[in-house]
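Chemist: Below: one structure in structure tokens.
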Amino acid sequence: MAKRLGFDVEIHQEAWGKGIPLDKLEARLKEDTNHEIKAVLATHNETATGVTSDIAGVRKAMNTAKHPALLFVDGVSSIASLDFRMDEWAVDAAISGSQKGFMMPAGGAFLAFSQKALQATEASTYPRCFLDLRDQMAANKDGYTPYTPSLPILYGLRKSIDMFAGRRPGKRFRTSSPLGGRRSQSCCRWGMTLCAESGFESDTVSAIVVPEGKDARDVISIAFSKYDISLGAGLSEVAGKVFRIGHVGDMNDVSMLGAIAGVEMAMLDCGFDIKPGSGVAAAMEYYRATA
């Protein structure tokens, strides 16, 4: 999007399954002695590969390099799902979406800005219209919006926030699972691995790599047509190589067990060499130990 808008963009590509390499980021910023780089754009939780990057580490790398660039974070599948600390990590702009941790239909985007970012907005001469923050803030101080908002999304957001606020003390919506993070017991029992490299595993979505000679799209198709389970597909470089299971929002252990059982049945139907019930058993052990 930044390239389409005419900005000069550097894209630093890493292997799919790996998060932001903090050493490379720090080194590149130190090279920019004239501070020509104006913003660092980082994705907190990457859904196609199930990778979580260290945003606190990104801020630390920027500070170590003594670089004044703004930090923009894509938090679409992390905010309201993973630990996200905008002030503590000095994030300057963040965006999230209604369809992930906020548990609503797609269609809403949530934006947040630091004082530093707002000052940059005032100084900018770049043209903008619908999302001009100055128009938004001028109307918002009186409780209004400059244009007609999506009222169904706002009503849904009110309900979602009530659900967050009303949960019992010490309880959270479960985002971790025996598939995600450093707890991939089910994958181990299946003899399979996550797409995410060690240390970058997501707590909200798991991208599972299928064995050589198997097509993940077959698992997705059978899971949907036969067992009424909707799995995510691999994108671009991992198309056909991974299928994705989401474990975000208001879900409990039993619903996750059902998803794992359905995936196992679909894999067995596709001729995968796995022991029936092995992933479910691993999940049960995990949930009993962490309940």
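The values are calculated or read from the model by the stated rules, or taken from the named source; none is laboratory data. Please read these numbers as outputs of a predicted model, since none were measured by experiment. All Cβ positions, glycine included, derive from the backbone under ideal geometry; neighbour counts span all protein chains shown. Heavy atoms of the whole protein, side chains included, go into the accessibility calculation; ligands, DNA and RNA do not. Shrake-Rupley method; radii C 1.70, N 1.55, O 1.52, S 1.80 Å.
Chemist: For residues in region 31-40 being open to solvent by 40 Å² or more (accessible area, probe 1.4 Å) and part of a loop (DSSP other than H, G, I, E, B), which is nearest to Phe200 (Cα to Cα)?
Modeler: Residues of region 31-40 open to solvent by 40 Å² or more (accessible area, probe 1.4 Å): 31, 33-36, 38.
The next check asks that each one be part of a loop (DSSP other than H, G, I, E, B); those that pass are 33-36, 38.
Working: Thr33: 30, Asn34: 32, His35: 29, Glu36: 30, Lys38: 27 Å.
Ranking the qualifying residues of region 31-40, first place goes to Lys38.
Chemist: Tally the residues that are touching a residue at least 60 places away in the same chain (Cβ under 8 Å) and not in a loop (DSSP other than H, G, I, E, B), restricting the search to region 178-230.
Modeler: 11
Chemist: I've got another one for you. Just to be sure before I move on: is Ile20 over 25 Å from Phe200 (Cα atoms), open to solvent by less than 100 Å² (accessible area, probe 1.4 Å), β-branched (Val, Ile, Thr) and touching an Asp or Glu at 6+ places or on another chain (Cβ under 8 Å) in the structure I sent?
Modeler: Values: over 25 Å from Phe200 (Cα atoms): no; open to solvent by less than 100 Å² (accessible area, probe 1.4 Å): yes; β-branched (Val, Ile, Thr): yes; touching an Asp or Glu at 6+ places or on another chain (Cβ under 8 Å): yes.
Spelling it out, it is not the case that Ile20 is over 25 Å from Phe200 (Cα atoms), open to solvent by less than 100 Å² (accessible area, probe 1.4 Å), β-branched (Val, Ile, Thr) and touching an Asp or Glu at 6+ places or on another chain (Cβ under 8 Å).
Chemist: Asp8 versus (1) in contact (Cβ under 8 Å) with a residue 24 or more places away in the chain; (2) in a loop (DSSP other than H, G, I, E, B); (3) charged (D, E, K, R): which is the lone unmet condition?
Modeler: (1)
To keep it simple, each residue is scored yes or no on (1) open to solvent by less than 10 Å² (accessible area, probe 1.4 Å); (2) under 15 Å from the mean Cα position of the chain (by Cα); (3) under 30 Å from Leu231 (Cβ atoms); (4) modelled with pLDDT under 95.
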position	(1), (2), (3), (4)
Ala27	no, no, no, no
Leu71	yes, no, no, no
Ser81	yes, yes, yes, yes
Ser96	yes, yes, yes, no
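Chemist: Answer yes if at least one residue in region 213-220 is in contact with a helix residue (DSSP H, G or I) (Cβ under 7 Å, 6 or more places away or on another chain), aliphatic (A, V, I, L, M) and at pLDDT 95 or above, and no otherwise. Explain how you work it out, then say what you get.
Modeler: Taking region 213-220 first, the residues in contact with a helix residue (DSSP H, G or I) (Cβ under 7 Å, 6 or more places away or on another chain) are 219.
From what is left, the residues that are aliphatic (A, V, I, L, M) are 219.
Pick out the ones that are also at pLDDT 95 or above and you get 219.
There is at least one residue in region 213-220 that is in contact with a helix residue (DSSP H, G or I) (Cβ under 7 Å, 6 or more places away or on another chain), aliphatic (A, V, I, L, M) and at pLDDT 95 or above.
Chemist: While we're looking at this one, here's another question. State the number of residues belonging to region 41-64 that are open to solvent by less than 20 Å² (accessible area, probe 1.4 Å) and out of contact with any Ser or Thr (no Cβ under 7 Å at 6 or more places or on another chain). Let's see the steps before the verdict.
Modeler: The initial filter retains those residues of region 41-64 that are open to solvent by less than 20 Å² (accessible area, probe 1.4 Å), namely 42, 44-45, 48-51, 53, 55, 57-58, 61-62.
Next, only the ones that are out of contact with any Ser or Thr (no Cβ under 7 Å at 6 or more places or on another chain) stay: 48-49, 55, 57-58, 61-62.
Looking only at that region, the number is 7.
Chemist: So, in region 241-260, of the ones that are among the hydrophobic types (A, V, I, L, M, F, W, C) and open to solvent by less than 30 Å² (accessible area, probe 1.4 Å), which residue ends up nearest to Val209 (Cα to Cα)? Steps first, please.
Modeler: Residues of region 241-260 among the hydrophobic types (A, V, I, L, M, F, W, C): 242-243, 245, 248, 251, 254, 256-257, 259-260.
Restricting the remaining residues to those that are open to solvent by less than 30 Å² (accessible area, probe 1.4 Å) gives 242-243, 245, 256, 259-260.
Details: Val242: 4, Phe243: 7, Ile245: 12, Met256: 19, Ala259: 17, Ile260: 15 Å.
Residue satisfying both the conditions and the ranking: Val242.
Chemist: Could you give every pair whose Cβ atoms fall below 9 Å, whose first residue belongs to region 266-279 and is in contact (Cβ under 8 Å) with a residue 40 or more places away in the chain and outside any helix (DSSP H, G or I), and whose second residue is surrounded by 16 or more Cβ atoms within 10 Å (Cβ to Cβ) and aromatic (Phe, Trp, Tyr), counting only separations of at least 6 or pairs across chains?
Modeler: Once the first residue is in contact (Cβ under 8 Å) with a residue 40 or more places away in the chain and outside any helix (DSSP H, G or I) and sits in region 266-279, its partners that are surrounded by 16 or more Cβ atoms within 10 Å (Cβ to Cβ) and aromatic (Phe, Trp, Tyr) give Phe272/Trp190; Ile274/Trp190; Lys275/Trp190.
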